[in-house]
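All of the numbers you see were taken from the coordinates with simple rules; none came from a lab. The shown structure was predicted, so the numbers you read here are calculated from the model rather than taken from an experiment. Don't worry about glycine lacking a Cβ; one is built from the backbone with ideal geometry, like all the others, and counts go over all protein chains shown.
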Amino acid sequence: MNIILFEKDELDRKISIHDPRIWHIRKILDCKKHEKFDIGILNGPKGQAWIEAQDSKKVKLGYNLQDKIRESLYPVTLIIGHPRPQSLKKIFRETTALGVSRIIIAGTDLGEKSYFSSKIWKNKKYRKYLVEGAQQAHSTLLPAVERYPNLESGLANINDEHNLIALDNVQATEQLSQLDLDSNSQPILAIGSERGWSDREIKILKQHNFGLFKLGTRILRTETAAVAGITLILEKLQIL
């Protein structure tokens with residue numbers, strides 16, 4: 001953890017000594033009483049905190065926060081065909097660390113339908129992986145996450161005026177590295193699930209004015225393609 005994130009109300013009460021964040025503060029950071037470390041409020045400001053009091057069961061933190069949020073997420077939306085849950089965890093963690101502002105998960109023709117009943121969606125358990133990504137990036141901001149049963153319903157909730165980019169290793173002829181993006185654009189990147197897009201979905205993407213691009217000649221895992229694709233787009237936006 002490069003920053004430790006809390007909900008605002010957590011800082012105003014004692015926290016269990018068994019909380020993983022408190023364990024990290026005491027054992028990994030080796031912070032003694034009144035030694036400061038970086039914290040943030042989820043989707044709020046950053047600041048510093050310290051152990052103000054502790055006993056054998058709980059810790060009370062003191063803290064100072066900045067007066068406002070001094071960062072923002074990047075104007076990039078990621079559409080992902082629902083992959084296997086283990087891959088989805090990595091996608092949530094790594095693309096949050098990269099700073100995308102919106103992640104849309106859609107069911108696909110070739111994807112496994114049972115993934116939609118994964119435990120990751122129960123009680124928003126996926127949020128844990130967003131938080132891990134934000135903490136890695138020393139950020140407090142989490143992307144918006146949306147889930148739709150199919151590609152069509154996901155595309156119904158995007159702005160067609162943005163730069164629309166779909167990765168495809170079958171019909172695409174142009175490399176993503178050749179894409180020109182204005183630094184003020186707000187691109188949307190669509191990536192299929194493990195077996196890619198169906199012919200029907202490629203037709204739908206084209207109808208929505210998505211351009212087809214590929215990442216070299218190798219077939220990548222969905223999570224690898226997501227990180228590589230977002231990284232290239234951020235470089236085109238002159239962010240990296």
Pull up all non-local amide H partners of ARG84: gap of 5 or more, or a different chain, and H-to-H distance under 5 Å with H placed in the peptide plane. GLU194
On a straight-distance basis, which lysines could pair with LYS68 in a cross-link, Cα separation under 26 angstrom, same-chain partners fewer than 8 positions away excluded? LYS8, LYS14, LYS36, LYS46, LYS60, LYS128
Would you calculate, for the chain, the mean residue ellipticity at 222 nm contributed by helices, counting each DSSP H stretch of 4 or more residues as -39,500 (n - 2.57) and dividing by all residues, to the nearest 500? -7000 deg cm²/dmol
Could you go through the stretch 212-227 in sequence order and give the Karplus-derived ³J(HN,Hα) for each residue, using 6.51 cos²θ - 1.76 cosθ + 1.60 with θ = phi - 60°, rounded to whole Hz, and x for Gly and Pro? 9, 9, 10, 10, x, 10, 8, 8, 9, 5, 4, 5, 5, 4, 5, 5
Over the stretch 4-65, what relative contact order in percent results from Cα pairs under 8 Å that are six or more residues apart? 36
In units of 2.2 N^0.38 Å, what is the alpha-carbon radius of gyration of the stretch 147-226? 1.06
What list do you get for HIS162, HIS18 if you sort them by fewest beta carbons within 10 Å? HIS18, HIS162
Running a GNM on the chain with Cα contacts under 10 Å, which residue among LEU61, LEU78, LEU98 ends up with the highest mean-square fluctuation? LEU61
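Tell me, what does the Kirkwood hydrodynamic radius of the stretch 1-92 come to in angstroms if you use every pair of distinct C-alpha atoms?
By the Kirkwood definition, the hydrodynamic radius is 15.1 Å.
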For ILE105, distant residues with modelled amide H under 5 Å away: ILE80, GLU146, ARG147, TYR148
Here the longest stretch of the chain that holds no GluC sites (Glu not before Pro) in a DSSP loop having at most 13 other beta carbon atoms within 10 Å is 72-160
Relative intensity, log₁₀ I(q)/I(0), of the chain from a Debye sum that treats every alpha carbon as a point, q = 0.11, 0.18 Å⁻¹: -0.63, -1.26
Please sort by residue number the trypsin sites (Lys or Arg not before Pro) in the stretch 1-35 whose DSSP state is loop and whose Cβ has at most 12 other Cβ atoms within 10 Å. ARG13, LYS32, LYS33
Would you grab the residues whose amide H sits under 5 Å from the one on LEU240? Only those 5+ places off in sequence or on another chain, please, with H modelled 1.01 Å from N. GLU235
May I have the extent of the alpha carbons of the stretch 77-217 along their three principal axes, as whole Å values ordered from largest to smallest? 38, 36, 29
